[in-house]
Amino acid sequence: MRLKIALPAAALVVAAVALFVVGRSASAEPVHVSTTGTRYAATVSIADPAPGRVTVEVKVDKGDADSVALSAVMPEMGHATPELTATEREPGRFLGEGELFSMTGVWELSIRLDGPAGEEELAVKALITE
Amino acid sequence: MIRVLCLAAVLVLVMAAPAVAHNVTAGADLRIAQTIAGAEVTVVVKGTSRVPGPLRIGVVAYQAVAGLPVGLEVRSVEDGRTVTATATAAADPRYAELRVERTGPHELRLRAGGETAVVPFRVLVDRGSAADFLIYGGLFVAALLLVGGLLTGALSRPGTAMALAAGAAAGVTVAAMVIVFEPWVTPSPPDGAAPTAEAAAGATVAAGGRPYAQARVATVPARPAVGEEFTLRLDLVDGSTGRPVDDLTVHHEALAHLVVTSQDGRYFRHVHPLRTAPGRLEVRLTADRPGRYLAHAELEREDSGGQLLEAGFTVGGDPEQAVPATAGEPGPQSTGATAGEPDPPAAVPGLRPAVPVAGRPATIELAAPAGVRPWLGMTGHLIVRSRSGDFLGHVHEMGSPGSRLRFTFSFPEPGRYLAWVQYATGDRIVTTPFTVDVTASEAAR
């Protein structure tokens, strides 16, 4: 009687552990990364980093940026996407919406910030998955 | 279950191993050659096993530089925190210790002799392996439960004993399965690693090679004069996106190997330009004769093969100012690697066959003095150039025993080639220039 419960239970444990080991590296993570330059510092967040339309949040942590423009390059494939202008929702918080990533893979997101301190381009890497 | 694991194993095998860029991990140092303040040095960044932790940086000199001070500045790109130190270049340097607070992208700024280089790199720290945890954890649980099972069995409680034995079996199974399948499971990337497509399911597998890079080469000033220091600048541009190429990997201990020769081959420099801005490489040179010069840059992008970029520039001045050639024959004159001081008369390299045949391997052998030390990861380097300059080869020593340097190379076409063998001794880089006459094979005549 107990054997009938114990064996499936043991099998379940084994299955759960194996799935954990295999699946651990397979989950898509939201992008949340900080970068600093000489004039500005920014934190970039992409809640759902997938091909197609995305929303990119840029929080300017250092420097007084008036405008933020985003563009992306996939170095591995030589793809580049046009620049899109992010709109300032609150002081220091910009949102950019558009098609930045045309396929899955590692993309380099360029953030061009402009303000009284001058222009600076920062870059972060983002993993785009399905 | 086994099918799921096998499928997962196959999927993992299909995905290529990620390439390593400028990563600094414990046990894997970053070595990067730089031509700075007129000296040939190799900057060594030793990895750390923990953060916050020490990052040790030393500057190895390959020339007698008399304690050249090199300013070091390490900046975390993520939070902008900066630490500084000063290293002294020496053949066997003392390492400066800087403290890094976090993993991830960093920048190393080097300052010497009024020149500045910015080297991007990543600090990585290995995470504990989940597989190891499961193997030892599974075995530990099994051992505990087996002892418990034996004790409860002895106390004649068969139900509990059976449950404990089943638990023990599960523990052993987990450990065994992880041991069997661990080699196929992608290890978790170290802390601070750049994202890779291989780390995520559903991501496209690497295409195998990035677009070509183009070099826009300029000199500052635009028309350098004989005996005057000038900057040779390479702006690298991606052929597909037009963006600066800022993903060079360290290839034979340098971001780029730049060979600058005068058209006649009497001027020769093998230097390692500094990255001064994204996609920009610069090196300071002084020409010793007017005329046409050739620049050949050997570099490698991340996840790609090597490539050779070529450009030419002109040095103005009076031909009388040039160092007079001693022989009437066109061919390279003895020159130092970067310092420009002439080398002592060196042994003449031996050729086998004496007149190499185009398209067939030829061996070039040179007697080297005792105390030759590796430079750019190799004992010796042979650079060959066709007379016109439209062909350049870079051959490495094959690890021959004793104090001989041996190179094997198939010259592609008949004709005269200019060649230079380079190796490092205790306090200098010795460059031995010579020429090789290559004949056509019988079949081609």
For the range B:46-121, the percent of all C-alpha pairs falling in each 5 Å bin, from 0 up to the bin holding the max distance, is 3, 16, 25, 25, 16, 9, 4, 1
From DSSP H assignment alone, runs of 4+ in chain B each adding -39500 (n - 2.57), the sum over residues rounded to the nearest 500 puts [θ] at 222 nm at -5000 deg cm²/dmol
In degrees rounded to 10, the 0-90 angle between helix B:130-154 Cα long axis and the longest Cα principal axis of chain B is 20 degrees
Over the Cα atoms of the range B:211-318 the radius of gyration and the largest Cα-Cα distance (Dmax), both in Å, equal 13.8, 46
Residue span A:Leu95 to A:Ala117: 0.36 nm per residue of separation minus Cα-Cα distance leaves a gain in nm of 5.8 nm
Ratio for the range B:146-284, C-alpha Rg to 2.2 N^0.38 Å, reads 2.14
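Using 0.36 nm times the number of residues separating B:Asp318 and B:Thr249, minus their current alpha carbon distance, what extension gain do you get? Don't jump to the answer; show the numbers that get you there.
Numbers: separation 69, 0.36 × 69 = 24.84 nm, distance 4.04 nm.
Extending this stretch completely gives an extra 20.8 nm.
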Semi-axes a, b, c in Å (a largest) for the range B:128-184, each sqrt of 5 times a Cα gyration tensor eigenvalue, come to 27, 9, 6
Using the Cα gyration tensor of chain B, the equivalent ellipsoid's semi-axes, largest first and to the nearest Å, work out to 53, 26, 21
Taking N as the residue count of the protein assembly as shown, its alpha carbon Rg divided by 2.2 N^0.38 Å gives 1.19
For the range B:336-445 (alpha-carbon point model, no solvent) the Debye-based log₁₀ I(q)/I(0) at q = 0.11, 0.18 Å⁻¹ works out to -0.34, -0.88
Here the averaged projected area of the range A:28-128, based on the convex hull of its alpha-carbon atoms and given in nm², is 5.6 nm²
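Can you give the Kirkwood hydrodynamic radius for the range B:391-445, in Å, rounded to one decimal and based on Cα pairs?
Working: mean 1/r = 0.0748 Å⁻¹.
Here the Kirkwood hydrodynamic radius works out to 13.4 Å.
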The ³J(HN,Hα) series, computed from each phi in the range B:45-51 with the Karplus coefficients 6.51, -1.76 and 1.60 at θ = phi - 60°, rounded to the nearest Hz and given as x for glycine or proline, is 10, 8, x, 10, 9, 8, 10
Relative to chain B, whose Cα atoms define the longest principal axis, helix B:2-14 and its Cα axis are tilted in degrees, nearest 10, by 10 degrees
Averaged over residues of B:243-251, the number of beta carbons from other chains lying within 10 Å of each residue's Cβ is 2
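Readers should treat all values here as calculations from the given coordinates under stated rules, not as data from a laboratory. Just so it is clear, the structure is predicted and the values come from calculations on it, not from any experiment. Counting neighbours? That spans all protein chains shown, and the Cβs are built from the backbone with ideal geometry, glycine included.
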